[in-house]
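Engineer: I have a structure here, written as structure tokens, and I will follow up with some questions on it.
The values are calculated or read from the model by the stated rules, or taken from the named source; none is laboratory data. Fair warning: this is a prediction, and the values are worked out from it, not measured in the lab. Neighbour counts are summed over all protein chains in view; Cβ atoms, including those assigned to glycine, are modelled from backbone coordinates with ideal geometry. Protein only, heavy atoms only, side chains kept; ligands, DNA and RNA dropped before computing areas. Shrake-Rupley method; radii C 1.70, N 1.55, O 1.52, S 1.80 Å.
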Amino acid sequence: QVQLVESGGGLVQIGGSLRLSCAASGSIVSDNAMGWYRQAPGKQRELVAFINNSGSIMYANSVKGRFTISRDYAKTTVYLQMNSLKPEDTAVYYCIYRKYKDYWGQGTQVTVSS
């Protein structure tokens, strides 16, 4: 089993920044993939950013140039630096760990307000 603990969400003004963190523990293997999804009220969960096991990164078009995903050398923690935040970024952000199956964090709320 893998446990994921997210942190860093909160309330921020338009144009502001937040940094999300997700720490994985349990049966971790280095050959993993991790990333972030989000779900806004009334909408489906969508991919935000993802790092695969070889280090390749992908972003949703809506966040390219504003968000940056990274992870630590041990590949147990993934980060999401979010800049130039917009109201449409408001959502619950979920961390995902992928190896053989998907593991999800509990989610952290990000609210962008004027």
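Engineer: Spelling out what I want: for every residue of region 86-91, take phi, set θ = phi - 60°, compute 6.51 cos²θ - 1.76 cosθ + 1.60 (Karplus), and round to whole Hz; glycine and proline get x.
Structural biologist: Result, ordered by residue: 10, x, 6, 7, 4, 4 Hz.
Engineer: May I ask you to derive the FRET efficiency for residue 70 and residue 3 from their Cβ-Cβ distance with R0 = 22 Å, giving the value to the nearest 0.05? Intermediate results must be reported in sequence, preceding the final value.
Structural biologist: Working: r = 21 Å, r/R0 = 0.94.
The computed FRET efficiency comes out at 0.60.
Engineer: In a Debye calculation with equal point scatterers on the alpha-carbon sites of region 1-46 and no solvent, what is log10 I(q)/I(0) at q = 0.19, 0.24, 0.25 Å⁻¹?
Structural biologist: Once normalised to I(0) and log-transformed, intensities are -0.83, -1.05, -1.08.
Engineer: Output wanted: per-residue J couplings in Hz (rounded whole) for region 99-106, from phi through Karplus 6.51 cos²θ - 1.76 cosθ + 1.60, θ = phi - 60°, x for Gly and Pro.
Structural biologist: Ordered by residue, 3J(HN,Hα) equals 7, 6, 7, 9, 10, 10, x, 7 Hz.
Engineer: Then there is this: In angstroms, what radius of gyration and Dmax does the chain have, counting Cα atoms only?
Structural biologist: When restricted to Cα atoms, the chain yields Rg and Dmax of 13.3, 42 Å.
Engineer: How do 6, 88 stack up against each other in accessible area, from largest to smallest, with a 1.4 angstrom probe?
Structural biologist: 88, 6
Engineer: Identify the trypsin sites (Lys or Arg not before Pro) of region 57-98 meeting these criteria: DSSP loop state and at most 13 other C-beta atoms within 10 Å of the C-beta.
Structural biologist: In loop regions of region 57-98 (DSSP not H, G, I, E or B), the sparsely surrounded trypsin sites (Lys or Arg not before Pro) are 64.
Engineer: Can you list the residues, at least 5 places off or on another chain, whose amide H is less than 5 Å from the amide H of residue 75, using H built in the peptide plane?
Structural biologist: Result for residue 75 returns nothing.
Engineer: May I ask for the longest run of the chain untouched by chymotrypsin sites (Phe, Trp or Tyr not before Pro) that are loop-located per DSSP and have at most 16 neighbouring C-beta atoms (other than their own) within 10 Å?
Structural biologist: Working: sites that count: 73, 100.
By the stated rule (loop sites, at most 16 other Cβ atoms within 10 Å), 1-72.
Engineer: Averaged over every viewing direction, what's the projected area of the C-alpha convex hull for region 47-114? Give it in nm², one decimal, please. Write down the numbers at each step before the final one.
Structural biologist: Numbers: hull surface 20.1 nm².
So the Cα hull casts an average projection of 5.0 nm².
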